Amino acid sequence: MNPLSSTVPLSAVYTGAVQLGAYALERLDPAARDRLLRRCSTNPDNLDAARWETLAASAFLVEEPMPLPYALLLVAVLGYAEYARGAWWTAAAFLFGHVTATLLVYGVLRRTAGPGTRRAVDVGTSYGFNTVLGALTSALPRGPVRTTARAGLLALAVRPVLRRERTFTDAGHLVALGLGIGVSLATDYLADHLADYRSGAKSPKIIWMTRVTQRASS
């Protein structure tokens with residue numbers, strides 16, 4: 001565990017800052033609030049105009065105060081990641097998911113979105129949250145528990161995408177979760193190979209050659 005995470009609860013600080021910012025936005029004039037949210041949104045119009053700062057700014061704003069259950073879930077997931085993996089790992093996974101999912105969705109929307117979507121308000125914590133949640137599946141017990149958790153989370157994320165009234169945000173949640181599960185699979189792979197290496201193999205290349213030979217002879 002990262003010592004920083006035991007002294008500074010960054011997950012709670014981040015969630016609190018986002019929530020306080022949402023309450024502050026509510027006190028603004030509606031027109032000013034709308035302008036600010038659109039200026040910080042990662043919608044196609046902003047990204048087409050190379051307003052890349054929105055990739056960071058959008059992660060610190062929400063359209064309205066988060067419901068208490070979601071805010072608590074956000075603290076719980078980020079807090080456990082901070083405890084299990086460290087504050088820097090959690091921040092990196094969150095930002096990786098937020099930015100990468102946003103850019104992948106943008107790659108589709110820039111060619112297909114209508115005028116309303118191109119200017120849509122697109123801010124929030126959900127892409128980063130879904131990526132961290134998916135990445136944390138590598139902390140579950142190996143075998144059926146881990147596999148079932150990954151499959152269950154993907155099923156929950158796919159369901160909104162299959163609805164007729166789906167939005168691009170629903171697709172973004174699925175993409176972000178997929179990125180997180182990809183991180184967890186990579187973590188599993190590296191952990192397995194590191195364990196093999198420490199158990200006596202001379203190099204990862206020898207481990208790979210040994211496994212290929214064993215499969216060929218079986």
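Residues in the stretch 20-29: is at least one open to solvent by less than 50 Å² (accessible area, probe 1.4 Å) and outside any helix (DSSP H, G or I)?
No, the stretch 20-29 contains no residue that is open to solvent by less than 50 Å² (accessible area, probe 1.4 Å) and outside any helix (DSSP H, G or I).
Based on this model, can you work out whether LEU190 counts as within 15 Å of the chain's Cα centre (by Cα), at pLDDT 60 or above and assigned to a helix (DSSP H, G or I)?
no
Can you report the number of residues in the stretch 117-126 which are of a type in the set (Ser, Thr, Tyr) and either open to solvent by 10 Å² or more (accessible area, probe 1.4 Å) or touching a Lys or Arg at 6+ places or on another chain (Cβ under 7 Å) (or both)?
Of the residues in that region, 2 qualify.
GLY128 - would you say it is in contact with a His (Cβ under 9 Å, 6 or more places away or on another chain), at pLDDT 95 or above and within 27 Å of LEU156 (Cα to Cα)? Steps first, answer last, please.
Working: in contact with a His (Cβ under 9 Å, 6 or more places away or on another chain): yes; at pLDDT 95 or above: yes; within 27 Å of LEU156 (Cα to Cα): yes.
Here the answer is yes, as GLY128 does meet what is asked.
For the structure I just gave you, tell me whether ALA91 is among the hydrophobic types (A, V, I, L, M, F, W, C), open to solvent by less than 80 Å² (accessible area, probe 1.4 Å) and over 15 Å from TYR127 (Cα atoms). Give the derivation first.
Values: among the hydrophobic types (A, V, I, L, M, F, W, C): yes; open to solvent by less than 80 Å² (accessible area, probe 1.4 Å): yes; over 15 Å from TYR127 (Cα atoms): no.
No, not satisfied.
Could you tell me whether any residue of the stretch 134-155 is closer than 21 Å to LEU55 by Cα, modelled with pLDDT of 95 or more, among the small types (Gly, Ala, Ser) and surrounded by 19 or more Cβ atoms within 10 Å (Cβ to Cβ)?
The first filter runs over the stretch 134-155 and keeps only residues closer than 21 Å to LEU55 by Cα, leaving 134-135.
Narrowing further to those that are modelled with pLDDT of 95 or more: 134-135.
Checking which are among the small types (Gly, Ala, Ser) leaves us with 134-135.
Among the residues that remain, those that are also surrounded by 19 or more Cβ atoms within 10 Å (Cβ to Cβ) are: 134-135.
Yes, there is a match, as at least one residue in the stretch 134-155 is closer than 21 Å to LEU55 by Cα, modelled with pLDDT of 95 or more, among the small types (Gly, Ala, Ser) and surrounded by 19 or more Cβ atoms within 10 Å (Cβ to Cβ).
Which residue is least open to solvent (accessible area, probe 1.4 Å), if the candidates are limited to the stretch 159-194 and must be under 27 Å from PRO44 (Cα atoms) and β-branched (Val, Ile, Thr)?
ILE181
The values are calculated or read from the model by the stated rules, or taken from the named source; none is laboratory data. These numbers come from a predicted model, not from an experiment. Don't worry about glycine lacking a Cβ; one is built from the backbone with ideal geometry, like all the others, and counts go over all protein chains shown. Protein only, heavy atoms only, side chains kept; ligands, DNA and RNA dropped before computing areas. Shrake-Rupley method; radii C 1.70, N 1.55, O 1.52, S 1.80 Å.
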